[in-house]
Structure formats: structure tokens, C-alpha cells
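Okay, so here's the structure we're looking at.
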Amino acid sequence: MQKAIIGKKIGMTQIFDEKGKVIPVTVVEAGPCVVSQKKTVENDGYASVQIGFGDLKAHKVNKPMAGHFAKAGVAPKRTLREFRFDDTDAYNVGDIIKADTFAAGDKVDVSGTSKGKGYAGVIKRWNFQRLKETHGSGPVARHGGSNGACSSPSRVWKGLKMAGHMGAEKVTVQNLQVVKVDAENNLIAIKGAIPGPNGGTVIIHDSVKA
């Protein structure tokens, strides 16, 4: 059965295995989540499960979403994500998904929003090299240089590496290992680092490489 859960990144720490080796881990408060919608091939053309995480006060929900939650019979949730599963028979609307859906040793992919770093120049954003500061460069040692394309095609190509907004984008780290699961406190310890700042929303699902 395919598995997925939504959680909140708590932070990094380290734990010790049976041999006393240090394992750096990221702790995620995973769930409890609730199944708020189930789509089927017959009705919707594809099979998927919508999962909600994080309680939200009723007065902060607009009317369309309030009706959506009322139809499902679940409390309003702050975060909703849809997962396309090959088989959704194991899920029903109202089901609760907890951290124990995963176990130590599982391989997972973790998605989150990276830290936003504001407006950045080409050196910080794209690892450009500085210009020489001896003769002829003037006060532009950290600039991106010329980006024109002469008379053909008389424009700047889309995707050219330039200064601009850096970070705050979706990042997925694949094939991470679940080291420990604390079902009582809804905590999952994942080996290594995962994207996003502490307190950010993350999505954990089966690894496509497993």
C-alpha cells in the first residue's frame, strides 16, 4: 500500500544506533492527518486521496472550503494535499493517518519549501565567479556581465541566469531513511537534512527509488 503523511519540521538532532554510532536526523511532527476527500477513476478520471493536516478555526475558513469540510464530515484543516495512489481502496474519508504508518527502515521522499533568501545577485544565486579587480573591470566586480544576444535573436533567452529572487521554492529530497518512529508523540526521525525552515510544512511519502 502506498503511504503519505503531512507534517511539520521540528529541527535537527542526533541519535545513537545499537553500535554507538552517531546518526544525524531531522525530527518531523507527522500528523495526525485526516482523509478529507477520495477520488476514483469512475467519478474523477483518476484515483487520489486528499489529506488534511493542522487544525484551523472555523471562522478562518471561507464558505467553499467550509462546505468541502462539512461534506467530508471533518474539522477544518490548515494544509491540504492530494496524493495520486494506484490503489485507494485502503483509504476512506474520515480515516486518521498517524506517524506509525511509517516504520524504521522505510525509504521516503521528503518535500518542502526551501528557506527564502530574498533578492540575490548572480554570485550568491548561481555561483558566478568575480571579475578581476586589477585593471579595467571598474566597480562591477560582482555584476553578471553582458547578457545581450546582439542582432539575433535580439532578445534575452528565457532561463538566463541573472540576479533575482532566491529560495522559497519546492524542493524534494529522495531516498531518505526513516530511523525512528515515536507513534505516541507523532514524531518521525529521518536520517540527514530535509528542506525548509523549522516549523515549515513537509510532505513525506514512499520513495520512488525504493
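The values are calculated or read from the model by the stated rules, or taken from the named source; none is laboratory data. The shown structure was predicted, so the numbers you read here are calculated from the model rather than taken from an experiment. Cβ atoms come from the backbone with ideal geometry, glycine included; neighbour counts cover every protein chain shown.
So the values come out like this:
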{"item": "Residues satisfying the stated conditions in segment 155-210, i.e. within 30 Å of Gly121 (Cα to Cα), assigned to a strand (DSSP E or B) and of a type outside the set (A, V, I, L, M)", "result": "Gly164, His165, Gly167, Lys170, Thr172, Gln174, Thr201"}
{"item": "One residue from Val25, Val108, Val34 being modelled with pLDDT of 90 or more and touching a His at 6+ places or on another chain (Cβ under 7 Å)", "result": "Val108"}
{"item": "So Thr134, is it among the polar types (S, T, N, Q) and not in a strand (DSSP E or B)", "result": "yes"}
{"item": "Filter pass, Ser146 being surrounded by fewer than 15 Cβ atoms within 10 Å (Cβ to Cβ) and under 29 Å from Gly167 (Cβ atoms)", "result": "yes"}
{"item": "Considering residues of segment 49-85 that are over 12 Å from Val35 (Cα atoms), of a type in the set (A, V, I, L, M) and under 24 Å from the mean Cα position of the chain (by Cα) only, the residue surrounded by the most Cβ atoms within 10 Å (Cβ to Cβ)", "result": "Val61"}
{"item": "Leading residue by the ranking (nearest to Gln2 (Cα to Cα)) among those in segment 102-131 that are of a type outside the set (A, V, I, L, M, F, W, C), in contact (Cβ under 8 Å) with a residue 24 or more places away in the chain and not in a strand (DSSP E or B)", "result": "Asp106"}
{"item": "Subset of segment 111-143 that is among the basic types (Lys, Arg) and over 28 Å from Lys9 (Cα atoms) - its residue that is surrounded by the fewest Cβ atoms within 10 Å (Cβ to Cβ)", "result": "Lys132"}
